[in-house]
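Peer 1: Please find one structure pasted underneath; my questions will follow.
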Amino acid sequence: MFKAKIKADILKTVIDTTSILVDEAKFHITPEGISLKAVDPAHVAMVDLSLGSKAFEEYKAEDLELGIDLGKLDQIMKLASAGDVISLDYKEDAHRLVVKVANIVRKMSLVDTAGMPDAKVPNLNLPAEVVVKSSEISQGVLASKAISDHVALTADTDGFELSAEGDTDSVNLKLPKDLLVSLKSSERVKSLFSLDYFANMIKAAKSSDAILLKLGNDYPVMMEFDIADGNGHVVYLLAPRIESD
Amino acid sequence: MFKAKIKADILKTVIDTTSILVDEAKFHITPEGISLKAVDPAHVAMVDLSLGSKAFEEYKAEDLELGIDLGKLDQIMKLASAGDVISLDYKEDAHRLVVKVANIVRKMSLVDTAGMPDAKVPNLNLPAEVVVKSSEISQGVLASKAISDHVALTADTDGFELSAEGDTDSVNLKLPKDLLVSLKSSERVKSLFSLDYFANMIKAAKSSDAILLKLGNDYPVMMEFDIADGNGHVVYLLAPRIESD
Amino acid sequence: MFKAKIKADILKTVIDTTSILVDEAKFHITPEGISLKAVDPAHVAMVDLSLGSKAFEEYKAEDLELGIDLGKLDQIMKLASAGDVISLDYKEDAHRLVVKVANIVRKMSLVDTAGMPDAKVPNLNLPAEVVVKSSEISQGVLASKAISDHVALTADTDGFELSAEGDTDSVNLKLPKDLLVSLKSSERVKSLFSLDYFANMIKAAKSSDAILLKLGNDYPVMMEFDIADGNGHVVYLLAPRIESD
């Protein structure tokens, strides 16, 4: 059993956050809330999302796994305004999710979860933690995209830096400690990432004021932010690119 | 003789309403107002539009037929804001319509009406009449387009329903009597329609608050709504698709 | 040495005004301000732009020539809002322009100016001078584009006219003396121009309320307008098309 009501903008955030990596996702439903872990087809990035029952207007659930086509759910979102309440009702016998927006009922077939692997977030030792305003880092990403397809993230005891190198031009966003929300870094760490992935993650995090970045040296970056007024949380993991020079 | 002034938004509605079915139309001009009847090239749908002289700021006309390229007239509309007044002046000797927006004069050649047939609205016995809010049915059409290319309209003594069936998903907009503006139906009637045509008609009717639908069983639908604050009226007729199952 | 700060919208105007004709431009930097003269690749049109040091928030410069890729500079502008202040700093040793928007630093390689010719504005005797509202002439250009690829500009003692002839349709914007800002014309002059070029110039001038047009008979048109609240000035020159009929 899964019967819930949720504000359209929160459900939209769940979809947007996940669909940058996968088209379909296996949602774990429990009495406490929903969660999902998914790895993109190229195995470069991962999302780990959780949304507590408090993020919903109404929530009743038993333990369940639902395979959801995010594109289909997104189609239905187009019918809703931000304040609208979406009702979700899982019909076990027909293996369908009944989604209701205003007077419109969409009966949505579910995806078989048998072939969907259970992703596991690896245990990483990431020594630096930077909390940066999402508007600030968005600008840096936008500037970098004009000249390169990868971006370097650096943290040291004094601040954080995002930098990109093109053939003739370079872009730098240097944020000293006082321009960061917070900084925890005892050594200098630097890693290089695909700008496509990183830009999509930053874009998905734009609804959040601040983003936590956990960094190591030539190591994956972990990006974390809250959704649904703190009743939900997203963790992205992005593998580094190895500098060839 | 045809000399008239009209608000840009009203003329724009006339163009938009007609151009979903045809590129050119034969306008009948009389001292009482203008009207047109047109059938789309595939002979699936018809529009019957009338606009009384009261819809104009100024109006002087004798009996005339003008063949108008709707695309050309629409180009000129792009120069006007909603409140602007467009002046129209038929020059018989040059067989041109002189259209004036602000200080700009466009002399527009007319289309020969000789080859344009006179459409006739058939006399149909459509037992059910439903008046529905255009915003409500627009949402249903939008939801249906995501999963199918046709839509079923059903009316019975209790209410009205719009439904679409895809390969795995379905969409339903069920409006019981109390969610309709009005309902007149003594029996259950149901017909299937091309969603492309129906969606365009609903979109063209969006300037109107409410839409009258006249329905039968496997029969055409007649859609009616007012334009120009009740000084004009549009009737669409759309042939049904026959269910093959 | 060239170190300056300028409001984003002013720098954006400089780029937009120039990039309708060329991708790269040679900027002349002097202690009094910056200027450029450029001819489009087809040698049909020319721009002569000057921006005094008063248009800048801060300005320090020696005599210099900087070859700038306008597309690159425009990329950086996308990071700025209209009120933002952009800082420009020429690094002679690296032959780069360091552009700063908020906390983002873009180091931009410069273009070699060796191959860039020095354009010279010819001395023309253009007897008619018309000052027209840019909104008015923009509408005329928009209307003309729908039917033709060239436009005729006419001035006489009574007024100014923009006209276009299509195969079957025509467009006229007739502005008698009282609808012009000013008119100086002792004889009738008329010239024909490419609408593509003319439309781009008019569009680039839209930030200015009024545009000065200097006209002759089958002669180039000179278009002038102020930028940066009168602290800058743009002159366009456009060669005529010769009527073949």
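The values are calculated or read from the model by the stated rules, or taken from the named source; none is laboratory data. None of these values were measured; they are calculated from a predicted model. Neighbour counts run over all protein chains shown; Cβ positions are idealised from the backbone, glycine included. SASA here: full protein model, heavy atoms, side chains in, ligands and nucleic acids out. Shrake-Rupley method; radii C 1.70, N 1.55, O 1.52, S 1.80 Å.
Peer 1: May I ask you to verify whether residue B:181 is more than 24 Å from residue A:100 (Cβ to Cβ), in contact with a strand residue (DSSP E or B) (Cβ under 8 Å, 6 or more places away or on another chain) and assigned by TED's automatic domain parsing to the domain that holds residue B:143? Break it down into steps so the answer makes sense when it comes.
Peer 2: Working: more than 24 Å from residue A:100 (Cβ to Cβ): no; in contact with a strand residue (DSSP E or B) (Cβ under 8 Å, 6 or more places away or on another chain): yes; assigned by TED's automatic domain parsing to the domain that holds residue B:143: yes.
Criteria not met by residue B:181.
Peer 1: Moving to a separate point now. What tally of residues in segment A:86-140 results from selecting those that are surrounded by fewer than 16 Cβ atoms within 10 Å (Cβ to Cβ), β-branched (Val, Ile, Thr) and within 14 Å of chain B (Cβ to nearest Cβ)?
Peer 2: 0
Residues are listed down the side, and each one gets a yes or a no for (1) at pLDDT below 95; (2) away from chain B (no Cβ under 14 Å); (3) open to solvent by less than 30 Å² (accessible area, probe 1.4 Å):
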| position | (1), (2), (3) |
| --- | --- |
| C:147 | no, no, no |
| C:151 | no, no, yes |
| C:161 | no, no, no |
| C:170 | no, no, yes |
| C:185 | no, yes, yes |
| C:203 | no, yes, no |
| C:230 | no, yes, no |
| C:238 | no, yes, yes |
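Peer 1: Which residues, taken from segment A:69-84, are within 20 Å of the chain's Cα centre (by Cα), touching a residue at least 40 places away in the same chain (Cβ under 8 Å) and surrounded by 16 or more Cβ atoms within 10 Å (Cβ to Cβ)?
Peer 2: Passing the criteria: A:69, A:70, A:73, A:77.
Peer 1: Another one. Within segment B:103-159, track down each residue that is over 17 Å from residue B:222 (Cα atoms) and of a type in the set (Asp, Glu).
Peer 2: Matches in segment B:103-159: B:112, B:118, B:136, B:149, B:158.
Peer 1: Now for a separate question. Of everything in segment A:172-183, what is surrounded by 13 or more Cβ atoms within 10 Å (Cβ to Cβ) and either more than 14 Å from residue A:141 (Cβ to Cβ) or touching a His at 6+ places or on another chain (Cβ under 6 Å) (or both)? Give them in sequence order.
Peer 2: Correct list: A:174, A:177, A:179, A:180, A:181, A:183.
Peer 1: Separate question: Are any residues in segment C:207-219 open to solvent by less than 30 Å² (accessible area, probe 1.4 Å) and closer than 13 Å to residue C:190 by Cα, and if so, which ones?
Peer 2: Passing the criteria: C:213, C:215, C:216.
Peer 1: Check off (1) touching a residue at least 24 places away in the same chain (Cβ under 8 Å); (2) farther than 22 Å from residue C:80 by Cβ; (3) out of contact with any Leu (no Cβ under 8 Å at 6 or more places or on another chain) for residue A:123 and give me the number that stays unchecked.
Peer 2: That leaves (1) as the condition not met.
Peer 1: Applying the selection to segment C:85-98, what residues are among the β-branched types (Val, Ile, Thr) and touching an Asp or Glu at 6+ places or on another chain (Cβ under 8 Å)?
Peer 2: Once the filter is applied, which keeps residues that are among the β-branched types (Val, Ile, Thr) and touching an Asp or Glu at 6+ places or on another chain (Cβ under 8 Å), segment C:85-98 yields C:85, C:98.
Peer 1: So which pairs qualify, if the first residue must be in segment A:165-186 and in contact (Cβ under 8 Å) with a residue 60 or more places away in the chain and over 20 Å from residue A:146 (Cα atoms), the second must be loosely packed, with under 15 Cβ neighbours inside 10 Å and of a type in the set (Lys, Arg), the Cβ gap must be under 9 Å, and the two must be at least 6 apart or on different chains?
Peer 2: Hits for this filter: zero, empty list.
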